[in-house]
Amino acid sequence: MISPLAYIHPEAKIGDNVEIGPFCYIDKNVVIGDNNTLMNSVTVLYGSRIGNGNIFFPGAVIGAIPQDLKFKGEETLAIIGDNNKIRENVTINRGTAAKGQTVVGSGNLLMEGCHIAHDDIIGNDIIIGNCSKLAGEVTVDDHAILSACVLVHQFCRIGGYTMISGGTGATQSVLPYTICARHPAAYYGLNIVGLRRRGFEREIINTIHEAYRIIYQGGMTLDDAIATIRQELPETPEIKYILDFIEDTKKRGFVH
């Protein structure tokens, strides 16, 4: 299961049923769990922690030091969960002193050439398209979809169940359940198709839609819009998520 043409540092810890192809490089201070497949020419560097059942395609680089001039060689990690597909030439850098770790959750598809920078937090069941680039300290919530060539500015947060169109440049956070497109990024309505595919009931979708009508079309200040939502709409988990998200991203702001 391990090619004689691969290099594995003696201190690296490799789980059961792991396939490591030719010309792979596994550094010291690396832990790889069970049932992983590393195709040829995959590089896993110092500080990487990989769960179970992942597939790494040729040219992927996991755990490279951050592209951040503030990084001074501190002990940090790049943590990968379970059952991810990491396609060709994906790069995932480890963290800095800011958070200490970059985290990719489970069940994600990271397509060819995308970049996950230092201290990013990538949730679960997320698709990040070809050549999309995430700057440092970006958070992507569960079930988001970023199409090809999406650029995300540092410190932004991408909400769950969001669809970001190809070629979009997001310099602010993107609210959950929405569609975001163009450069600079703009709000393009509710991700209705995505919500239906995820099994959201019509009543819930209508409530989310009404919340965004108040925020984007109500002609109110943000504080007044939030107060109106609290007063007029039921306090469902989805509405709470939207309001908590807005509160969390006030400093950076969100796409309009």
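The table below lists the values:
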quantity: Members of region 238-256 found to be farther than 14 Å from Asp223 by Cα and of a type in the set (Val, Ile, Thr), listed by number; calculated: Ile239, Val255
quantity: Matching residues in region 187-230 - criterion: being touching a residue at least 40 places away in the same chain (Cβ under 8 Å) and among the aromatic types (Phe, Trp, Tyr); calculated: Tyr187, Tyr216
quantity: Check on Ile122, assigned by TED's automatic domain parsing to the domain that holds Phe57 and among the aliphatic types (A, V, I, L, M); calculated: yes
quantity: Positions within region 199-252 being under 24 Å from Ile164 (Cα atoms), modelled with pLDDT under 95 and small (Gly, Ala, Ser), in sequence order; calculated: Gly218
quantity: All positions within region 231-256 that are closer than 24 Å to Glu203 by Cα, surrounded by 13 or more Cβ atoms within 10 Å (Cβ to Cβ) and in contact (Cβ under 8 Å) with a residue 24 or more places away in the chain; calculated: Leu233, Thr236, Glu238, Ile239, Tyr241, Ile242, Phe245, Ile246
quantity: Any hit, region 194-204, residues being in contact with a strand residue (DSSP E or B) (Cβ under 9 Å, 6 or more places away or on another chain) and surrounded by 22 or more Cβ atoms within 10 Å (Cβ to Cβ); calculated: no
quantity: Given (1) among the β-branched types (Val, Ile, Thr); (2) over 22 Å from Gly123 (Cβ atoms); (3) assigned by TED's automatic domain parsing to the domain that holds Ala97, index of the condition Ile55 fails; calculated: (2)
quantity: Members of region 77-90 that are of a type outside the set (Gly, Ala, Ser), within 12 Å of Ser48 (Cβ to Cβ) and surrounded by 20 or more Cβ atoms within 10 Å (Cβ to Cβ); calculated: Ile79, Ile80, Ile86
quantity: Residues satisfying the stated conditions in region 90-108, i.e. hydroxyl-bearing (Ser, Thr, Tyr) and assigned to a loop (DSSP other than H, G, I, E, B); calculated: Thr96, Ser106
quantity: Failed item in (1) under 20 Å from the mean Cα position of the chain (by Cα); (2) part of a loop (DSSP other than H, G, I, E, B), with Glu235 passing the rest; calculated: (1)
quantity: Residue match in region 75-82 (condition: of a type in the set (Asp, Glu) and closer than 25 Å to Ile126 by Cα); calculated: yes
quantity: Filter pass, Ile86 being within 21 Å of Gly15 (Cα to Cα) and assigned by TED's automatic domain parsing to the domain that holds Asn17; calculated: yes
quantity: Members of region 1-31 found to be at pLDDT 95 or above, outside any strand (DSSP E or B) and in contact with a strand residue (DSSP E or B) (Cβ under 9 Å, 6 or more places away or on another chain), listed by number; calculated: Ser3, Ala6, His9, Ala12, Gly15, Val18, Gly21, Phe23, Cys24, Asp27, Asn29, Val30
quantity: Members of region 168-189 found to be in a loop (DSSP other than H, G, I, E, B) and in contact with a Lys or Arg (Cβ under 7 Å, 6 or more places away or on another chain), listed by number; calculated: Thr168, Gln172
quantity: Residues satisfying the stated conditions in region 44-58, i.e. over 20 Å from the mean Cα position of the chain (by Cα) and within 15 Å of Lys85 (Cα to Cα); calculated: Pro58
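Residue-wise test of (1) surrounded by fewer than 16 Cβ atoms within 10 Å (Cβ to Cβ); (2) in a loop (DSSP other than H, G, I, E, B); (3) under 13 Å from the mean Cα position of the chain (by Cα); (4) not assigned by TED's automatic domain parsing to the domain that holds Asn84.
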site: His118; (1), (2), (3), (4): no, yes, yes, no
site: Cys131; (1), (2), (3), (4): no, yes, no, no
site: Phe155; (1), (2), (3), (4): no, yes, yes, yes
site: Gly166; (1), (2), (3), (4): yes, yes, no, yes
site: Asn206; (1), (2), (3), (4): yes, no, no, yes
site: Tyr212; (1), (2), (3), (4): no, no, no, yes
site: Asp224; (1), (2), (3), (4): yes, no, no, yes
site: Ile229; (1), (2), (3), (4): no, no, no, yes
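The values are calculated or read from the model by the stated rules, or taken from the named source; none is laboratory data. Keep in mind that this is a model prediction, so the values were computed, not measured. As a convention, Cβ positions derive from the backbone with ideal geometry for all residues, glycine included, and neighbour counts pool all protein chains shown.
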